[in-house]
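Encoded as structure tokens, the structure appears first; notes follow it.
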Amino acid sequence: MSIKKILLFSCLIFIIPFIIVNVFIRDDEITFNFNSNSIVRVYREDKNIIERVPIEQYVIGVLAGEIPITFDKEALKAQAVASRTYVMYHIQGSKDKDYDVVDTVANQVFKSEDDLKEKWQDKYTENMNKIKEAVLATSGEYLTYDGKVIESFFFSTSVGYTENSEDVFSQALPYLRSVESKWDEISPVYIDSVDFTKLEFFSQLELAYMESLNIEVLEQTQTGRVKKIRINNKEFTGKEVCGKLKLRSTCFTIREENGMVKIDTKGFGHGVGMSQYGAQGMALEGYKYTDILKYYYQGVNIDKF
């Protein structure tokens, strides 16, 4: 055996155990390091199993599940960094749990290669290569504020402005401030409407049926989203109404029209953080993914592991 082969074999003897210990074995006593602890424990809700997925592979599956494949490469890159940051934030807080994230909108929608082969058929290779290019171009990049990984919320379509985090969630975060997002009008769901019979409307809100319908908006965010509303003398949060009626957004108006209850909505999603259609609009105007990220997440740094 040549000296080169002996040296290579000796290196492999030392390197392989190191990789196994640092990548595939989770030990609560090990100091958290994103470079070595690069496995995401994903709870697959439909299958009721937990899959261990390398973090960059996970980001690929999230891009495929969360953002239109037709989007510009800079928007895809921005989503890759936001999604990588999101899962890193959740990994930090899930040490004592069986899994880090679920594969639905409760966290981030994640699609496996088998899911995507079925979905994309003969477009699989083309689409997958486009996503992989975005992930590879941003490999290891994530967002921090004051040296800490941020909670990088994102959503589909704004109402023209994003929301301050405390108007939607419980905590005011300095990097999740309301910013103008004028590009969102390109979204096919920027404006939407849905009709209900009165019976459907009252039933889904768990209200007693009445011929009369009295609506009073009690509190709104600065962008016009409903925070509190009174419907026939019962108070709801905007989130409750949105959830019960399966509306796209808490920015809604309710009215009677031709014996039906008509609800108009603006935007799609919670409105905090990066707007995906806003990111697409910025990309089409020539902005780079770094510009997009630093616009929607105020005061952040882009770090790399």
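The values are calculated or read from the model by the stated rules, or taken from the named source; none is laboratory data. These numbers were taken from a predicted model, which means no experiment stands behind them. Note that each Cβ is placed from the backbone with ideal geometry, even for glycine, and that neighbours are counted across all protein chains shown.
Does Ala106 qualify as being within 17 Å of the chain's Cα centre (by Cα), exposed (fewer than 14 other Cβ atoms within 10 Å of the Cβ), assigned to a loop (DSSP other than H, G, I, E, B) and not β-branched (Val, Ile, Thr)?
Judged against the criteria, Ala106 is a match.
Consider region 187-218. How many of its residues are among the small types (Gly, Ala, Ser) and not in a loop (DSSP other than H, G, I, E, B)?
Qualifying residue count, region 187-218: 2.
Scan region 86-95 for residues that are in contact (Cβ under 8 Å) with a residue 60 or more places away in the chain and either under 11 Å from Ile55 (Cβ atoms) or in a loop (DSSP other than H, G, I, E, B) (or both) and jot them down.
If the condition is that a residue be in contact (Cβ under 8 Å) with a residue 60 or more places away in the chain and either under 11 Å from Ile55 (Cβ atoms) or in a loop (DSSP other than H, G, I, E, B) (or both), then Met88, Lys95 are the ones that fit.
If you go through region 68-84 one residue at a time, do you hit one that is assigned by TED's automatic domain parsing to the domain that holds Val53, surrounded by 14 or more Cβ atoms within 10 Å (Cβ to Cβ) and β-branched (Val, Ile, Thr)?
Taking every residue of region 68-84 in turn, at least one turns out to be assigned by TED's automatic domain parsing to the domain that holds Val53, surrounded by 14 or more Cβ atoms within 10 Å (Cβ to Cβ) and β-branched (Val, Ile, Thr).
Counting just the residues of region 258-301 that are in contact (Cβ under 8 Å) with a residue 24 or more places away in the chain and at positive phi, which one comes out surrounded by the fewest Cβ atoms within 10 Å (Cβ to Cβ)?
Of everything passing the filter in region 258-301, Gly259 is surrounded by the fewest Cβ atoms within 10 Å (Cβ to Cβ).
Which members of region 202-230 meet the condition of being within 25 Å of Asn164 (Cβ to Cβ) and surrounded by 14 or more Cβ atoms within 10 Å (Cβ to Cβ)?
Val217, Gln220, Thr221, Thr223, Gly224, Arg225, Val226, Lys227, Lys228, Ile229
Could you list, in sequence order, all residues of region 133-181 that are surrounded by fewer than 16 Cβ atoms within 10 Å (Cβ to Cβ) and in a helix (DSSP H, G or I)?
Glu133, Leu136, Ala137, Glu166
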